[in-house]
1. For residue 17, are the conditions met, namely being surrounded by 12 or more Cβ atoms within 10 Å (Cβ to Cβ) and over 22 Å from residue 163 (Cβ atoms)?
2. Identify all residues within the stretch 124-153 that are of a type in the set (A, V, I, L, M, F, W, C) and either in a strand (DSSP E or B) or at pLDDT below 95 (or both); write none if there are none.
3. Regarding residue 5, is this residue free of Cβ contacts under 8 Å to residues at least 60 places away in the same chain, open to solvent by 20 Å² or more (accessible area, probe 1.4 Å) and outside any loop (DSSP other than H, G, I, E, B)?
4. Residues that are over 13 Å from the mean Cα position of the chain (by Cα) and either within 18 Å of residue 133 (Cβ to Cβ) or without any contact (Cβ under 8 Å) to a residue 60 or more places away in the chain (or both): does the stretch 52-66 have at least one?
5. Can you name the residue in the stretch 63-84 that is crowded, with 17+ Cβ neighbours inside 10 Å and of a type in the set (Lys, Arg) and, of all such residues, is farthest from residue 53 (Cα to Cα)?
6. Scan the stretch 85-105 residue by residue and report those that are in a strand (DSSP E or B), open to solvent by 30 Å² or more (accessible area, probe 1.4 Å) and not polar (S, T, N, Q).
7. When you scan the stretch 130-140, do you find a residue that is within 11 Å of the ligand (Cβ to nearest atom), among the polar types (S, T, N, Q) and either surrounded by 15 or more Cβ atoms within 10 Å (Cβ to Cβ) or over 23 Å from residue 38 (Cβ atoms) (or both), even just one?
Amino acid sequence: MKSLKEFIDTYKDYPKEGIEFKDVLGIIQEPRIFKELILKMSSSQIIKNAEAIISIDARGFIFGSAISLQVSKPMIVARKPGKLPGELVEKNYSLEYGENTLSIQKKALQKYSSYAIVDDLLATGGTVNCVSKILESNNKEVIGVLVVVELMKLEGKLKLNYPIESSITF
Ligand code: AMP
């Protein structure tokens, strides 16, 4: 049987020279593999102990919403600029290949007190760190972080003081 890792394609020098882009979209083209992964991620203690899931724009939504359905827990989203209506909490940060801002709807954030952060990939940890800082500054508890892929050599884990689980490491 093919391992989960074999469904991740690598694109050299995308979106910038020097970056090895890991494309997780091959996983959702294989429903059996996708399901296996979602069941595994859903069984994590991090998900069990969190009141809600917060998933990150945009590939994080794919995995976060599937987990949310599987475990019947609410999901809120952290989105890139210009994508969310209403009153927002926002923060700027740097990621492996640039700068970004993430926003969360205040109204959604107020509803739940503890969160599991879900994204497709952990590189430098800047993105997940940004979300955790927004949560902390709004007096929310971060239970932990779940990603599909972790790029070990970038040591994103060192930025984060929470349990982090990844299903595939490079
Ligand atoms: P970072 O903030 O550096 O941990 O970057 C993580 C975010 O950027 C995730 O939301 C990924 O979707 C994206 N990302 C960063 N580096 C890569 C990479 N090498 N391959 C695919 N996605 C990446």
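1. Values: surrounded by 12 or more Cβ atoms within 10 Å (Cβ to Cβ): no; over 22 Å from residue 163 (Cβ atoms): yes.
No, not satisfied.
2. If we filter the stretch 124-153 for residues that are of a type in the set (A, V, I, L, M, F, W, C), which is where we start, we get 128, 130-131, 134-135, 142-143, 145-149, 151-152.
Scanning the stretch 124-153 gives 142, 143, 145, 146, 147, 148, 149.
3. Details: free of Cβ contacts under 8 Å to residues at least 60 places away in the same chain: no; open to solvent by 20 Å² or more (accessible area, probe 1.4 Å): yes; outside any loop (DSSP other than H, G, I, E, B): yes.
Taking the combined requirement at face value, the residue does not satisfy it.
4. Within the stretch 52-66, the subset over 13 Å from the mean Cα position of the chain (by Cα) is 52.
So of that shortlist, the ones also either within 18 Å of residue 133 (Cβ to Cβ) or without any contact (Cβ under 8 Å) to a residue 60 or more places away in the chain (or both) come out as 52.
Yes: one or more hits.
5. Result: 79.
6. Passing the criteria: 88, 90, 91, 95, 99.
7. Of the residues in the stretch 130-140, the ones within 11 Å of the ligand (Cβ to nearest atom) are 130-131.
Checking the rest, the ones that are also among the polar types (S, T, N, Q) come to none.
No, the stretch 130-140 contains no residue that is within 11 Å of the ligand (Cβ to nearest atom), among the polar types (S, T, N, Q) and either surrounded by 15 or more Cβ atoms within 10 Å (Cβ to Cβ) or over 23 Å from residue 38 (Cβ atoms) (or both).
Residue-by-condition table, conditions (1) of a type in the set (S, T, N, Q); (2) assigned to a helix (DSSP H, G or I); (3) under 16 Å from the mean Cα position of the chain (by Cα); (4) away from the ligand (no atom under 15 Å from the Cβ):
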{"position": "68", "(1), (2), (3), (4)": "yes, yes, yes, yes"}
{"position": "83", "(1), (2), (3), (4)": "no, no, no, no"}
{"position": "107", "(1), (2), (3), (4)": "no, yes, no, yes"}
{"position": "121", "(1), (2), (3), (4)": "no, no, yes, no"}
{"position": "157", "(1), (2), (3), (4)": "no, yes, yes, no"}
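The values are calculated or read from the model by the stated rules, or taken from the named source; none is laboratory data. Fair warning: this is a prediction, and the values are worked out from it, not measured in the lab. Ideal geometry is used to build each Cβ from the backbone, glycine not excepted, and the neighbour counts take in all protein chains shown. All accessible areas refer to the heavy atoms of the entire protein, side chains included, with ligands and DNA or RNA removed. Shrake-Rupley method; radii C 1.70, N 1.55, O 1.52, S 1.80 Å.
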